[in-house]
């Protein structure tokens, strides 16, 4: 059910978001595993703004896109507290619940941080994220054309899940919301790495590598800057195997 809802949600969001002029844009990961850092957050949660600021700090981190790919999933289960988060989706709430079912996360809560498929509470006491050397898992490449259709190629150097898929997220930066009600009433919240759309595609074997065709999700939000993230996982376990990401303006 959650997989079908992701597909439906992404199809609803596929709108024109501008054109990438000229040659296709290529994004390539190293063979070593790149860490996917996921924040589960909500504008209706009074404890979340510090975590939002923590994630935004990665925009100035030299490891961005090379060693780490951060994403922020806004969940919808706090919307009843008096403020409806415009970035929230039940799809993202279900993704967090899927982590609980798979054993990567102990329980559903915000702010919740998942690093490479495992719950990480270290930011409460030691906000500097220290990464272990990534094990060799294979090279992931995404090529995006000017119509936001793309091709994914993954050449693994380890065993991959039998139900392997590629997940593709459109990311928004420089976003701000004036909160009128709820726990954060009267505050202006700032966000980066916000997942504005999420889609998936199955990987198909082609010789010694795997391929997939994708369409980058779109958005109706007014966004200062756009980026994207893509990662390989299975459908039965959301933990990522390899990730890649980058800016869509080429800078």
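What the table below lists for this structure:
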{"read-out": "Residues being within 20 Å of residue 167 (Cα to Cα) and more than 15 Å from the chain's Cα centre (by Cα) - total across the stretch 73-89", "value": "0"}
{"read-out": "Top-ranked residue of the stretch 163-216 - restricted to ones that are closer than 12 Å to residue 233 by Cβ and surrounded by fewer than 15 Cβ atoms within 10 Å (Cβ to Cβ), ranked as nearest to the chain's Cα centre (by Cα)", "value": "202"}
{"read-out": "Any hit, the stretch 218-241, residues being in contact with a helix residue (DSSP H, G or I) (Cβ under 7 Å, 6 or more places away or on another chain), closer than 28 Å to residue 50 by Cβ, at pLDDT below 95 and surrounded by 15 or more Cβ atoms within 10 Å (Cβ to Cβ)", "value": "yes"}
{"read-out": "Matching residues in the stretch 21-52 - criterion: being surrounded by 18 or more Cβ atoms within 10 Å (Cβ to Cβ) and either outside any loop (DSSP other than H, G, I, E, B) or at pLDDT below 95 (or both)", "value": "25, 27, 35, 36, 37, 38, 39, 40, 41, 49, 51, 52"}
{"read-out": "Those residues of the stretch 58-76 which are in contact (Cβ under 8 Å) with a residue 60 or more places away in the chain and in a helix (DSSP H, G or I), in sequence order", "value": "58, 59"}
{"read-out": "Subset tally (residues that are over 26 Å from residue 215 (Cα atoms) and in a strand (DSSP E or B)) for the stretch 145-165", "value": "0"}
{"read-out": "In the stretch 120-154, the residues that are surrounded by 12 or more Cβ atoms within 10 Å (Cβ to Cβ), within 15 Å of residue 243 (Cβ to Cβ) and either over 20 Å from the mean Cα position of the chain (by Cα) or modelled with pLDDT of 95 or more (or both)", "value": "136, 137, 138, 139, 140, 141, 142, 152, 153, 154"}
{"read-out": "Checking residue 98 against (1) surrounded by 15 or more Cβ atoms within 10 Å (Cβ to Cβ); (2) under 18 Å from the mean Cα position of the chain (by Cα); (3) closer than 30 Å to residue 147 by Cα, the condition it does not meet", "value": "(3)"}
{"read-out": "Tally of residues being closer than 26 Å to residue 154 by Cα and in a loop (DSSP other than H, G, I, E, B) across the stretch 109-139", "value": "8"}
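The values are calculated or read from the model by the stated rules, or taken from the named source; none is laboratory data. Quick caveat, the model's predicted, so the values are computed rather than measured. Every residue, glycine among them, receives a Cβ derived from its backbone with ideal geometry; neighbour counts consider all protein chains shown.
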